[in-house]
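Here the structure comes first, spelled out in structure tokens, and everything after it is commentary.
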Amino acid sequence: MLIEAFKYKQWADRRTLDAVAGINTSEFPAAMAFALQQLNHMVRVEELFRARLAGEAAAHPSTNTETVPALDELEQRLAASNQWLARYVENLTQQEREQALSFQFVDGQYGRMTRLEMLFHLVNHGTYHRGAIGHALDLANAARPADTYTVFIHALEPARREPD
């Protein structure tokens, strides 16, 4: 299920990125700015947790930036993160999933989470921020993709739509 969760996350992120690209920035600059800020935050948090999972130094001093990168850069970084996470969960042993890691959040507070808890956080965190981006898409009259797990699993396996 963990591997499946990250396949779902990659699929949902892709749908969101495609929808954000459809925002008419001349008519709705605030919606685009908000969507980009949310994507920037999402990818920075993923990069921070990836560093923790890999036993590396913090990737960033904060979870957001004053200047937000363009959509194409955010798209590339999110794709790289999703690829890294997919490989990571495929190779993670049960013992490693249960291993607790201590670390320091960017606000200076200390934390301890298992690798599995960190990974669950990343799936959940992305869902939360894609929902916020969905509101910006609504405000910009842009197409809002259905990105729930039920839509994903039925798109992946259309036969599940058939009655028993």
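Laboratory data are not the source of any read-out in this text; all were calculated from the coordinates shown. The structure displayed is predicted, hence computed values, not measured ones. Quick reminder, even Gly has a Cβ in these numbers, built from the backbone with ideal geometry, and neighbours come from all protein chains shown.
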- Query: Which chymotrypsin sites (Phe, Trp or Tyr not before Pro) does the range 29-128 hold that lie in a coil by DSSP with at most 15 other beta carbons within 10 Å?
  - Reply: F105
- Message: Based on alpha-carbon centroids, what's the gap between the range 101-159 and the range 21-82 in Å, whole number please?
- Response: 13
- Relative to the compact-globule scaling 2.2 N^0.38 Å, provide the ratio for the alpha-carbon radius of gyration of the range 2-158. 1.07
- Calculated from DSSP H runs of 4 or more alone, at -39500 (n - 2.57) each and per residue, what is the 222 nm mean residue ellipticity of the chain, nearest 500? -21500 deg cm²/dmol
- Counting only complete DSSP H runs, which helices of the chain cover 27 Å or more along their long axis at the Cα atoms and score a mean Kyte-Doolittle of -1.0 or above? 2-21, 29-54, 71-91, 115-139
